[in-house]
Each structure stands twice: as C-alpha cells, then as structure tokens.
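Undergrad: Have a look at this one.
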Amino acid sequence: MSAQFPRADFSLVFPPDPGWVRTAREAVRTALHTAKRTDLTDTALLLTSEAVTNAVNACRTSGCSAPVTLYAEWGPYGTLRVLVSDDAPGLPAQLSLARDTADAESGRGLLITGSSATDWGVCHHGPGPGKAVWFQVSGASS
C-alpha cells in the first residue's frame, strides 16, 4: 500500500516580475513541508527558480505583460509536478555544454532541469504564442 500524501495542489498567478521568483519558490517549499516531503526540497526549489526565472525573463524580453502561472500538484507515489506557463512567444532552447557556452551567464536552465528532474518537458499552451515548462521530482521514498 502506498503512503498517503496530503493534497497540497495549488496555483499561483503573478506578473512577470523577478520579485515573484522568491514567492513561487516559497509556495513550493510550503507545499513540500505540508506534505512532509522535505526530501524533495532542494531539487524542487532549484527547478522552480529556473522555470519561473525563465518565464519572467521571456516575458520581459518580448514585452509580454500577461501573468505567469505556476501550478503544482501531487502525482502518484508522492511525485511533485510543477508547471510554469507564460504567454511570451517561442519555446526555450536547451543549450549544450559546448566549450563556446561554458562561460555564458545564462541559458543553462533546461540543462539543470533535464539533469535534476525525474521527468520534464516543454509544450505550447492555449490559443496564443505561450508555452509551459513542467517538471516532476520524486525522492527515495516515492
């Protein structure tokens, strides 16, 4: 029989402003604490920061003022799923760790996500140009 985890599903809608990255991270931390899944905290907070920062930066760069949305839910066996969507056009590109990008100050968010998440992806959402980046994290007790 699998362990029962409290429902801590939530969504957070906020303007594309860097000040909201911390709020998004703290909301995920609270969900993990409530569910007694602090074993996922480090990875989930890192990936939340990456996904929200990328969404905010994409909006600010493209002039998109539509809100960013974070949605978090519990999947089977205590897996946390987080989806971050924005209305900025274009899909994010995953860079390689090639020599010419090794000194870059940005562009590694999807590399970090890909190497740290249990599963992840990028998809279009809604009728507009927007997209969503999602990830799942699960721990040893999952």
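Conditions (1) of a type in the set (D, E, K, R); (2) part of a helix (DSSP H, G or I); (3) modelled with pLDDT of 95 or more; (4) touching a strand residue (DSSP E or B) at 6+ places or on another chain (Cβ under 8 Å), marked per residue:
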position	(1), (2), (3), (4)
PRO18	no, no, yes, no
ARG25	yes, yes, yes, no
ALA31	no, yes, no, yes
THR41	no, yes, yes, no
LEU46	no, yes, yes, no
ALA51	no, yes, yes, yes
VAL56	no, yes, yes, yes
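Undergrad: Something else now. The conditions are (1) assigned to a helix (DSSP H, G or I); (2) within 14 Å of the chain's Cα centre (by Cα); (3) modelled with pLDDT under 85, and ASP100 fails exactly one of them. Which is it?
TA: For ASP100, the failing item is (2).
Undergrad: Being touching a Gly at 6+ places or on another chain (Cβ under 8 Å) and basic (Lys, Arg) is the filter here, so list the residues in the range 12-49 that pass it. Working first, answer last.
TA: As a first pass, look at the range 12-49 and keep what is touching a Gly at 6+ places or on another chain (Cβ under 8 Å): 35, 37, 39-40.
Once the filter is applied, which keeps residues that are touching a Gly at 6+ places or on another chain (Cβ under 8 Å) and basic (Lys, Arg), the range 12-49 yields only ARG37.
Undergrad: Quick one: PHE10 ticks every box in (1) in contact with a Phe, Trp or Tyr (Cβ under 7 Å, 6 or more places away or on another chain); (2) among the aromatic types (Phe, Trp, Tyr); (3) at pLDDT 90 or above bar one, so which box is it?
TA: (1)
Undergrad: Do you know which residues across the range 67-84 are closer than 14 Å to LEU40 by Cβ and either assigned to a strand (DSSP E or B) or modelled with pLDDT of 95 or more (or both)?
TA: First, the residues of the range 67-84 that are closer than 14 Å to LEU40 by Cβ: 72-75, 77-82.
If the condition is that a residue be closer than 14 Å to LEU40 by Cβ and either assigned to a strand (DSSP E or B) or modelled with pLDDT of 95 or more (or both), then ALA72, GLU73, TRP74, LEU80, ARG81, VAL82 are the ones that fit.
Undergrad: For the range 37-46, how many residues meet the condition of being surrounded by fewer than 13 Cβ atoms within 10 Å (Cβ to Cβ) and either more than 14 Å from the chain's Cα centre (by Cα) or within 15 Å of LEU12 (Cβ to Cβ) (or both)?
TA: Narrowing the range 37-46 to residues surrounded by fewer than 13 Cβ atoms within 10 Å (Cβ to Cβ): 38, 42.
Adding the requirement that they be either more than 14 Å from the chain's Cα centre (by Cα) or within 15 Å of LEU12 (Cβ to Cβ) (or both) leaves 38.
Going through the range 37-46 one residue at a time, the tally reaches 1.
The values are calculated or read from the model by the stated rules, or taken from the named source; none is laboratory data. Only a predicted model underlies this, so the values are computations on that prediction, with no experimental measurement involved. For neighbour counting, all protein chains shown are included, and Cβ atoms are generated from backbone atoms with ideal geometry for every residue, glycine included.
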